[in-house]
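What follows is a single structure, written as structure tokens, with notes after it.
The values are calculated or read from the model by the stated rules, or taken from the named source; none is laboratory data. These figures come from a predicted structure and were not determined experimentally. A quick note on method: Cβ atoms are made from the backbone with ideal geometry, for glycine too, and the neighbour counts reach across all protein chains shown. Please note that ligands, DNA and RNA were not included when accessible areas were found on the heavy atoms of the full protein model with its side chains. Shrake-Rupley method; radii C 1.70, N 1.55, O 1.52, S 1.80 Å.
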Amino acid sequence: MVLIESFDDPREAELAEAFMADGYVIIDVDDRPRLDAYRHEIVKLVCRHLDCDLPADETAFLDSIHERVAVVDVNALRLFVFEQLNRTAWARPSYLSLARSAVDRIVGNELAMQNKVNVSIQMPNDVTSVLPVHADPWSAETPYEVVEWLPLVDVYDTKAMFILPPEHNRTVRAAMSDLPDGGKSLDLFKMYEDKFRWVSVAYGQVLVFSPLLLHGNVMNEVPETRWSLNTRLTGLFTPYTSNEKCLGRFYWPATVKIMSRIGMNFKAPTGFDG
Ligand SMILES: [Fe+2]
């Protein structure tokens with residue numbers, strides 16, 4: 001039949017179903033040459049900071065960075081890459097474009113994006129880079145956002161991050177509000193240790209996940225360094241829950257349609273209100 005009885009796009013519904021069940025999707029990046037170029041620029045920044053030659057094998061170079069950099073020096077390297085990357089005009093647009101097909105279907109096609117692309121480096125046995133279990137809205141981020149999380153090397157086991165699947169995450173709030181201190185004393189990692197799912201992502205893929213779900217990492221026991229980037233995306237007109245993390249500060253308009261620009265600039269004529 002030519003006529004349709006549903007607003008749903010079947011391709012979108014398939015992705016939505018997977019996202020609802022797992023809390024995330026992993027897809028091949030939309031543009032592999034762009035990913036390779038993006039990583040190459042990051043490798044150039046790393047080499048500039050370390051004053052070394054460009055490597056022939058970028059994967060091996062990043063995976064083994066702990067052989068060149070001490071734990072005490074890794075944050076200076078991370079900050080250098082973060083600051084230089086975010087100075088470029090291409091950092092955010094190119095980053096979004098790598099997962100645009102999934103983000104458009106999961107979030108929308110008029111987007112606000114975090115003002116920076118974050119850089120994370122997790123060297124083997126480095127306790128200082130452990131990110132304890134949390135959900136991003138606990139730090140005032142909008143619950144309407146997704147995280148676009150991109151590894152620059154293959155990540156798996158403790159080199160990866162973990163996410164609590166929605167079926168278990170639903171019990172967290174109840175468990176926390178039953179406690180007199182609001183759940184601050186709960187060791188959430190211990191509580192859900194066997195329920196967390198380690199999310200393996202290969203270089204060439206991108207993870208899009210809901211940070212409403214508990215997530216984090218433990219000490220990386222894989223003898224390779226994890227390099228990953230992340231940023232947040234939400235619908236442009238979704239509610240923002242704090243002044244600290246609102247549109248214009250933490251999130252910046254990214255893909256604004258022409259009618260929204262016209263509507264935002266409309267000024268009602270005076271004298272028509274009786
Ligand atoms: Fe997070």
Can you tell me which of 254, 175, 70 moves the most in a GNM of the chain? Springs connect C-alpha atoms under 10 Å apart.
175
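Counting Lys and Arg as +1 and Asp and Glu as -1, each charge on the Cβ, what is the dipole of the stretch 34-162 about the Cα centre in debye, to the nearest 20? Numbers along the way, then the final one.
Details: 12 positive and 19 negative charges, 70 e Å.
Taking the Cα centre of the stretch 34-162 as origin, the dipole is about 340 debye.
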Which peptide among 141-149, 28-36, 156-164 comes first, and what is the full order, when sorted by highest mean count of other Cβ atoms within 10 Å?
141-149, 156-164, 28-36
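Give me the percent of the accessible area of the chain that comes from carbon and sulfur atoms, probe 1.4 Å, all protein chains in place. Could the numbers behind the result be given before it?
On the way: 8000 of 14730 Å².
Roughly 54 percent of what the probe reaches on the chain is carbon or sulfur.
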Most to least packed among 99-105, 49-55 [average Cβ atoms within 10 Å]:
99-105, 49-55
Of 20, 270, 60, which is farthest on the positive side of the dipole of the chain, counting Cα position, with +1 on Lys and Arg Cβ, -1 on Asp and Glu Cβ, and the Cα centre as origin?
270
What does the convex hull of the Cα atoms come to per residue for the stretch 81-199, in Å³?
152 Å³
nm² value of the averaged projected area, convex hull over the Cα atoms of the chain:
20.8 nm²
Signed unit charges on C-beta, dipole axis of the chain, positive-most listed residue 75, 222, 131
75
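Tally Lys/Arg at +1 and Asp/Glu at -1 over every other residue whose Cβ is under 13 Å from the Cβ of residue 74; what's the total? Display every interim value, and only then the final one.
Numbers: positive: 68, 78, 226; negative: 67, 73, 126.
Net charge in that neighbourhood comes out at 0.
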Can you give me the distance in nm between label points at residue 202 and residue 90, each placed 7 Å from the Cα along the Cα-to-Cβ direction?
2.5 nm
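For a protection proxy built on the mean count of beta-carbon atoms within 10 angstrom, sort 7-17, 128-138, 111-121 highest first, please.
On the way: 7-17: 11.1, 128-138: 14.8, 111-121: 20.6.
So the order, starting with the most tightly packed, is 111-121, 128-138, 7-17.
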Percent relative contact order for the stretch 138-242, counting Cα pairs under 8 Å at least six residues apart, stands at 56 percent
Quick check: net charge around residue 113, other residues with Cβ under 14 Å of its Cβ, Lys/Arg +1 and Asp/Glu -1?
+1
In debye to the nearest 20, the charge dipole size for the stretch 1-71, taken about the Cα centre with +1 at each Lys and Arg Cβ and -1 at each Asp and Glu Cβ, equals 480 debye
Pairwise label distance in nanometres, residue 265 with residue 14, each label 7 Å out on the Cα-Cβ vector
4.0 nm
Accessible area per residue, 1.4 Å probe, Å², for the chain: what's the number?
54 Å²
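Quick one: net charge around residue 222, please, counting Lys, Arg +1 and Asp, Glu -1 for every other residue with C-beta under 13 Å from its C-beta. Walk me through the numbers on the way to the answer.
On the way: positive: 159, 226; negative: 63, 126, 154, 157, 221, 224.
My count for the surroundings of residue 222 gives -4.
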Proximal lysines to residue 195, defined as alpha-carbon separation beneath 29 angstrom and excluding residues fewer than eight positions away on the same chain
159, 184
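Count neighbours as other Cβ atoms within 10 Å of each site's Cβ, and list the GluC sites (Glu not before Pro) in the stretch 194-274 that are DSSP loop with at most 13 such neighbours. Before the final figure, lay out the partial values.
Values: sites: 221, 224, 244; in loops: 221, 224, 244.
Those satisfying the criteria are 221, 244.
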Principal-axis tilt of helix 74-87 within the chain, Cα atoms, nearest 10 degrees:
40 degrees
So what does the Cα-only Debye profile of the stretch 101-152 read at q = 0.14, 0.32 Å⁻¹, as log10 I(q)/I(0), no solvent term?
-0.53, -1.34
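Treating only the Cβ of Lys, Arg, Asp and Glu as charged (+1, +1, -1, -1), what charge dipole size does the chain show about its Cα centre? Round to the nearest 20 debye.
Values: 27 positive and 39 negative charges, 197 e Å.
Roughly 940 debye, rounded to the nearest 20.
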